[in-house]
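Below is one structure; the comments refer to it alone.
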There are 4 protein chains.
Amino acid sequence: MGKGRVEAFSDGVFTIAATLLVLAVPIPHPADGGLSNALLSLWPSYLAYAISFIVIGNLWVSHHELFHMLHGMDRPLMYANLILLMFIAFIPFPTAVLAGAIVQDTNLHVAAAMYAIVMTGMSVSLGTIWALASRRGLLLPGALSDQSVINRMRQWFGLTVWVVSIPLSFVNGYVCMALWIVVMVFYIVVGAGRVAVGESHRATS
Amino acid sequence: MGKGRVEAFSDGVFTIAATLLVLAVPIPHPADGGLSNALLSLWPSYLAYAISFIVIGNLWVSHHELFHMLHGMDRPLMYANLILLMFIAFIPFPTAVLAGAIVQDTNLHVAAAMYAIVMTGMSVSLGTIWALASRRGLLLPGALSDQSVINRMRQWFGLTVWVVSIPLSFVNGYVCMALWIVVMVFYIVVGAGRVAVGESHRATS
Amino acid sequence: MGKGRVEAFSDGVFTIAATLLVLAVPIPHPADGGLSNALLSLWPSYLAYAISFIVIGNLWVSHHELFHMLHGMDRPLMYANLILLMFIAFIPFPTAVLAGAIVQDTNLHVAAAMYAIVMTGMSVSLGTIWALASRRGLLLPGALSDQSVINRMRQWFGLTVWVVSIPLSFVNGYVCMALWIVVMVFYIVVGAGRVAVGESHRATS
Amino acid sequence: MGKGRVEAFSDGVFTIAATLLVLAVPIPHPADGGLSNALLSLWPSYLAYAISFIVIGNLWVSHHELFHMLHGMDRPLMYANLILLMFIAFIPFPTAVLAGAIVQDTNLHVAAAMYAIVMTGMSVSLGTIWALASRRGLLLPGALSDQSVINRMRQWFGLTVWVVSIPLSFVNGYVCMALWIVVMVFYIVVGAGRVAVGESHRATS
């Protein structure tokens with residue numbers, strides 16, 4: 001059971017889950033000339049689609065960085081990874097629930113909480129893989145480098161955001177979603193900056 | 001028709017079937033503030049999703065171990081593998097039927113029996129591949145090692161569980177599902193222990 | 001635009017189309033204790049699923065044998081392949097139409113004709129790739145060997161079966177489907193025998 | 001984060017999005033003998049399916065040619081690619097909306113505009129990747145060759161077609177779709193000719 005095969009299986013689940021998200025966008029069939037209004041009123045579906053697509057994309061990057069740090073794979077790690085994938089492949093469901101709640105303008109706090117709960121479960125699974133790999137001596141020596149420390153900090157940060165979102169969603173679902181978007185933009189900007197630095201390091205070495 | 005391509009095709013079917021399971025979870029759209037109840041009452045769908053996801057993950061592992069034992073591939077083996085994949089790709093259907101039966105609190109015995117029948121067909125297909133490979137001389141010499149013996153025992157055990165589940169489901173569907181969960185946990189724990197040993201062997205050699 | 005990438009893309013379409021077939025099986029939710037009858041009455045869906053799964057599996061084999069004969073790939077060939085994939089990815093639709101017609105016990109002749117028309121289009125696309133590759137000098141020298149001749153004969157045979165099925169479906173849809181099943185079994189048995197010979201050749205050489 | 005992995009993830013999204021298009025074709029279940037009429041009246045769904053399938057296929061080719069020009073990958077490029085994939089994976093939705101509008105013979109201008117807007121977003125994302133790669137020095141020296149110039153001209157042409165289609169769709173939706181089909185055929189014919197030349201170059205060198 002090599003690392004490569006588990007990585008290929010994981011990649012498949014990430015890719016398919018991301019592409020299935022579109023099936024959660026309901027196709028409007030208004031009888032009369034109201035298609036433009038119908039399409040505009042579907043904006044929560046588009047937003048939920050975009051959020052989940054970026055979330056899955058970010059997780060795919062984190063997952064690769066994690067696997068890059070491993071020098072082997074064993075069964076406990078493989079099962080921890082399977083649990084993680086179970087959460088990833090489930091993301092289209094809370095995405096659809098979230099979009100439905102905004103469209104109906106009711107229950108948003110419950111839908112946002114459900115989304116955050118699924119993401120918390122996913123974050124815990126991801127952390128479990130790190131912990132298991134560390135305890136079982138499967139991490140490469142380089143796994144204690146600066147890059148890895150940043151990676152793990154980012155994961156703790158992600159977990160914190162999702163855990164905090166559960167109670168926050170009951171205060172205000174829209175604030176909760178705004179937080180997710182801010183964090184996402186932050187990830188992209190920081191990630192972009194960080195790797196730009198990494199690139200120049202590589203270029204000079 | 002190399003072993004690698006058949007393995008890649010099989011991996012694809014395993015991955016996609018696992019990721020399609022989420023489409024069987026119905027998306028609730030309650031008009032008033034009943035979303036939390038609606039989401040909680042969907043627990044059978046979540047349970048069926050988790051069971052089938054772990055089942056497919058376990059089968060993927062078994063399938064890889066089997067292909068690891070082969071030194072070649074011919075058409076009879078390829079067609080036996082195609083029949084196996086036909087059962088794997090079908091799993092989302094009995095999963096949805098099972099979840100629906102628990103939600104409606106009726107017909108659970110029929111739904112559990114259907115699930116067990118599909119899984120029995122799958123197990124028989126998996127066994128057929130082993131038998132064909134053995135009879136056609138396509139197994140590696142190492143295929144008689146301890147690891148392989150454990151693998152085959154596990155497959156006989158799996159087949160037995162599914163066959164026994166067919167009549168058992170008519171006695172009590174919930175007991176039947178409890179049995180599946182116990183077996184799954186057993187697989188994970190034993191598998192984890194076994195490979196931990198294998199890892200240390202490899203580390204000392 | 002290497003042969004390998006086009007082959008990987010094609011493999012993906014074959015795998016996903018085969019796995020999406022299950023979504024065409026409607027999930028029954030009978031209110032009272034009629035689930036076993038509901039599941040039994042869905043046999044046409046199971047049959048259509050199995051036929052299309054085997055058809056796609058066979059086409060995948062043919063496609064690989066064809067690509068095995070190519071020493072390069074150019075744009076015309078790539079577009080011909082794209083048209084072929086367009087038919088492959090469409091197969092879940094006539095499959096669902098066919099199953100629906102049998103369940104409702106009406107219109108079977110139209111549904112079978114539609115299935116045969118899609119398959120004829122697919123067969124013509126496959127033949128076009130062969131013709132293009134031959135005319136553009138992209139076939140390997142070995143492409144004139146016995147194995148290749150058998151492969152091309154099999155493709156002409158396949159095309160003939162689908163073309164003949166279009167008028168035949170208007171005579172009797174059930175006879176038409178029986179023909180498909182007979183041809184499929186024939187393919188599997190002949191294919192199995194042929195490669196068994198090929199294997200022994202390889203073993204002795 | 002190597003170029004190869006990002007390319008594999010992208011290939012997965014292209015393949016799955018193309019294969020999911022078929023789920024947007026509604027399965028007709030007429031009670032009486034009207035299946036042939038029902039199937040014929042679905043022609044807009046078949047047309048929309050074919051258009052989107054060819055569009056995705058062409059984009060896949062463009063994407064590969066772009067990645068062929070890169071000698072590395074960094075985070076900004078990876079995120080730009082993720083945005084592109086977000087549009088690609090979304091294509092099944094405007095495809096279904098377009099088909100629905102033609103079937104109902106109303107709102108075609110809105111549906112065509114929506115399709116063109118999504119495609120414009122996709123084209124802009126693709127152009128952003130080129131611009132980013134150029135500014136960050138990630139293009140290979142060969143990226144200024146004739147082939148690359150043709151590739152970029154084709155992308156500007158594509159972007160222009162989609163942008164022009166937005167107002168054009170409000171004039172006449174059918175003219176708009178006719179334009180897309182003409183452009184597609186042009187792409188295929190020019191592409192075929194161009195690579196035939198490229199092939200002969202390679203053959204003579």
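The values are calculated or read from the model by the stated rules, or taken from the named source; none is laboratory data. All figures in this text were calculated on a predicted structure; none of them were measured in a lab. Here the Cβ is made from the backbone with ideal geometry for all residues, glycine too, and neighbour counts use every protein chain on show. When the accessible area is computed, the model is the full protein with side chains, heavy atoms only, and any ligands, DNA or RNA have been set aside. Shrake-Rupley method; radii C 1.70, N 1.55, O 1.52, S 1.80 Å.
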>> Is it the case, given these coordinates, that A:Ser36 is surrounded by fewer than 22 Cβ atoms within 10 Å (Cβ to Cβ), assigned to a helix (DSSP H, G or I) and over 16 Å from the mean Cα position of the chain (by Cα)?
In response: yes
>> Suppose we filter the range C:127-141 for residues that are surrounded by fewer than 14 Cβ atoms within 10 Å (Cβ to Cβ) and not in a helix (DSSP H, G or I); how many remain?
In response: 1
> Can you tell me which residues in the range B:172-205 are β-branched (Val, Ile, Thr), over 16 Å from the mean Cα position of the chain (by Cα) and modelled with pLDDT of 50 or more?
Replying inline: B:Val175, B:Val189, B:Val190
> When you scan the range D:46-60, how many residues do you find that are hydroxyl-bearing (Ser, Thr, Tyr), open to solvent by less than 30 Å² (accessible area, probe 1.4 Å) and within 9 Å of another protein chain (Cβ to nearest Cβ)?
Replying inline: 1
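Residue by residue, here is whether (1) at negative phi; (2) more than 11 Å from chain A (Cβ to nearest Cβ); (3) open to solvent by less than 10 Å² (accessible area, probe 1.4 Å); (4) not in a helix (DSSP H, G or I) holds:
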site	(1), (2), (3), (4)
D:Arg5	yes, no, no, no
D:Val13	yes, no, yes, no
D:Leu20	yes, no, yes, no
D:Pro30	yes, yes, no, yes
> Are any residues in the range D:74-116 crowded, with 23+ Cβ neighbours inside 10 Å, among the polar types (S, T, N, Q) and outside any helix (DSSP H, G or I), and if so, which ones?
Replying inline: D:Asn107
>> B:Ala89 - would you say it is of a type in the set (A, V, I, L, M) and at pLDDT below 90?
In response: no
>> Please count how many residues of the range A:172-189 are under 20 Å from A:Asp105 (Cβ atoms), touching a residue at least 24 places away in the same chain (Cβ under 8 Å) and surrounded by fewer than 18 Cβ atoms within 10 Å (Cβ to Cβ).
In response: 3
> Is it the case that C:Met69 is facing another protein chain (nearest Cβ under 9 Å) and over 27 Å from B:Phe14 (Cα atoms)?
Replying inline: no
> Among (1) over 30 Å from B:Ile102 (Cα atoms); (2) within 14 Å of chain B (Cβ to nearest Cβ); (3) under 21 Å from the mean Cα position of the chain (by Cα), which single condition is C:Leu108 missing?
Replying inline: (2)
>> Looking at B:Ala80, B:Ala101 in this structure, which one is within 12 Å of another protein chain (Cβ to nearest Cβ), modelled with pLDDT under 95 and within 20 Å of the chain's Cα centre (by Cα)?
In response: B:Ala80
> Do we have C:Val149 as open to solvent by 10 Å² or more (accessible area, probe 1.4 Å), assigned to a helix (DSSP H, G or I), at pLDDT below 90 and more than 23 Å from C:Ala17 (Cα to Cα) here?
Replying inline: yes
